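Enquirer: The structure is given below, and queries will be raised subsequently.
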Amino acid sequence: MALHLRDVSAGDLPAILELNEQAIPYVNHLDLAEMQWFAEVAAYFRIAECNGSLAGLLIAITPETDYPSQYFAWFCQRYTQFIYVDRIVVAGWARRRGVARALYRDVERYAYEQSYLLTVDVYSQPPNDISLAFHRNYGFEEIGSQEVEHGTKIAAKFLKTPHVG
């Protein structure tokens, strides 16, 4: 499967919204205005395409971003030089084909060039076992957890010092 990674464009947003909705409850719902906001302010917002079809996306932000998220705030309280992966979503038909790994290699390269730590959280309750295993296998270290969504979910917090090569 030949993947092509590129920056997001405004024309991608409807398909991105649809893909994001398919990934709930592992990611939170976003509306068009919120997705447009990410497209304008995210330090990193790239998509993966295969044969012209949206295979996945990764959105990441830095501490300078004014983002009212309790997930993001947890990292802001502890680190100053990091990039936070707000969401990574892979289309069902593209799973287990290297899409997430390609997006993570790309954002890791970006983080390395900027001297950022790479951070992310993954639901451990309800468990997102596939994502938890992926992040652990990719070299992320679990550094804590956070009760979110009024105590209905627990987010495991992960950190990785980027390297390229």
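Quick note: the coordinates plus some simple rules give every number you see, no bench work behind them. Computed from a prediction, not measured in an experiment: that's the story for all the values here. Heads up, the Cβs are rebuilt from the backbone with ideal geometry, glycines too, and the neighbour counts pull from every protein chain shown.
Enquirer: HN-Hα J couplings of region 48-59 from phi, Karplus 6.51/-1.76/1.60, θ = phi - 60°, integer Hz, Gly and Pro as x?
Expert: 10, 10, 10, 6, x, 9, 5, 9, x, 8, 9, 10
Enquirer: Run lengths n ≥ 4 of DSSP H only: what is the helix-derived mean residue ellipticity at 222 nm for the chain, with -39500 (n - 2.57) per run over all residues, to the nearest 500?
Expert: Value at 222 nm, helices only, nearest 500: -9500 deg cm²/dmol.
Enquirer: Suppose R0 equals 22 Å; then what is the FRET efficiency for residue 163 and residue 136 from their Cβ-Cβ distance, rounded to the nearest 0.05?
Expert: Computed FRET efficiency for residue 163 and residue 136 comes out at 0.85.
Enquirer: Let me ask another. Quick one: Karplus J couplings for region 155-161, per residue in order, coefficients 6.51, -1.76, 1.60, θ = phi - 60°, nearest Hz, x for Gly and Pro?
Expert: Per residue, the Karplus-derived 3J(HN,Hα) values read 9, 7, 9, 10, 9, 9, 7 Hz.
Enquirer: State which helices in the chain qualify, where a helix is a whole DSSP H run, it must extend 27 Å or more along its own axis by its Cα atoms, and its mean Kyte-Doolittle hydropathy must be at least -0.5. Could the numbers behind the result be given before it?
Expert: Values: long enough: none.
Once both thresholds are applied, nothing remains.
Enquirer: When the chain is treated as a GNM, springs tying every alpha-carbon pair under 10 Å, which of 52, 139, 92 comes out with the largest mean-square fluctuation?
Expert: So, out of 52, 139, 92, the one fluctuating most is 52.
Enquirer: Would the chain count as rounded, prolate or oblate if I go by the C-alpha gyration tensor, calling it rounded below 1.5 in a/c and otherwise prolate when a/b exceeds b/c, oblate otherwise?
Expert: rounded
Enquirer: Cβ neighbours within 10 Å, averaged per peptide: list 60-68, 41-49, 116-124 in order, most packed at the top. Let's see the in-between values first.
Expert: Details: 60-68: 15.6, 41-49: 20.2, 116-124: 22.1.
So the order, starting with the most tightly packed, is 116-124, 41-49, 60-68.
Enquirer: Quick one: Karplus J couplings for region 64-80, per residue in order, coefficients 6.51, -1.76, 1.60, θ = phi - 60°, nearest Hz, x for Gly and Pro?
Expert: Each residue of region 64-80 in turn: 5, 6, 7, 10, x, 10, 5, 5, 5, 4, 4, 6, 4, 6, 10, 9, 10 Hz.
Enquirer: Would you mind computing, in nm to one decimal, how far apart the modelled labels at residue 15 and residue 31 are, each placed 7 Å from Cα along Cα→Cβ?
Expert: 2.5
Enquirer: Which shape class, rounded, prolate or oblate, goes with region 33-79 when its Cα gyration tensor gives a ≥ b ≥ c as root eigenvalues, a/c under 1.5 marks rounded, and past that a/b bigger than b/c marks prolate?
Expert: prolate
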